[in-house]
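Have a look at the structure below, then the notes.
The values are calculated or read from the model by the stated rules, or taken from the named source; none is laboratory data. Source: prediction; values computed, not measured. For neighbour counting, all protein chains shown are included, and Cβ atoms are generated from backbone atoms with ideal geometry for every residue, glycine included. Just the protein is used for accessible areas: all its heavy atoms, side chains included, with ligands, DNA and RNA removed. Shrake-Rupley method; radii C 1.70, N 1.55, O 1.52, S 1.80 Å.
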Amino acid sequence: MTVYKLDLNDCDDDDYDLLGIHTTLECYHLAYFMNKNFNIQFERKENLDSFEFYEFDDEKNKMLWNIISNKAIQEKKGAKIVQESLFQIDAEEVIYLLPEHKKVDYLIKITDNTYDIQNMIDKMKAIPQIITTFAIDISKLKSKNNLNFY
């Protein structure tokens, strides 16, 4: 009898570039400035759990762009904060898509990227409200499975 094994490492799709962005902008403002600077057209998609999500499918260059918020506020189940007030307020906690990069506000995932990544970083840094942009090494991520959306 033949035995088949499934190696989960074969399912890894590391054919994308990942940028980390630290900014004071809201996600929709970031999408607006990227649309303007890169001549693309991000569209708001349904949130992934509590994380904001924008997408642009560049059919001309066969690339897929995603903006994903790295931080989300989630209600703690069953926990209540008792304050010196009339009302009980639900306890909240911050969760991260990539916990090893807690300072990153947004992630830009570009699948099948044909552009020079350093040129993209320089264009991003030209937006005044962006504090910093940097490339994230995917091979060193422990939680890279969180970036598989489809």
**Whole-Hz couplings from phi, Karplus 6.51/-1.76/1.60, listed for region 66-76; x for Gly and Pro** = 9, 10, 10, 6, 8, 10, 9, 9, 10, 6, 6
**Item:** Sequence-distant residues sharing a close amide H with residue 134 (under 5 Å, placed H)
**Value:** 20
**Prompt:** Just the accessible area for residue 137, please: 1.4 Å probe, Å², rounded to the nearest 10?
**Reply:** 80
**Asked** When all protein chains stay in place, what accessible area (Å², nearest 10, 1.4 Å probe) is found for residue 73?
**Response** 110
**Asked** Tally Lys and Arg at +1 and Asp and Glu at -1 over the other residues with C-beta under 9 Å from the C-beta of residue 72: what net charge comes out?
**Response** -1
**Asked** If you plug each phi of region 108-117 into the Karplus form 6.51 cos²θ - 1.76 cosθ + 1.60 with θ = phi - 60°, what whole-Hz ³J(HN,Hα) values come out, in order, with x for Gly and Pro?
**Response** 10, 10, 10, 8, 6, 5, 10, 8, 6, 5
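Which entries in 103/125; 62/140; 45/109; 76/144; 71/144; 60/109 show an alpha-carbon gap greater than 20 Å?
62/140; 76/144
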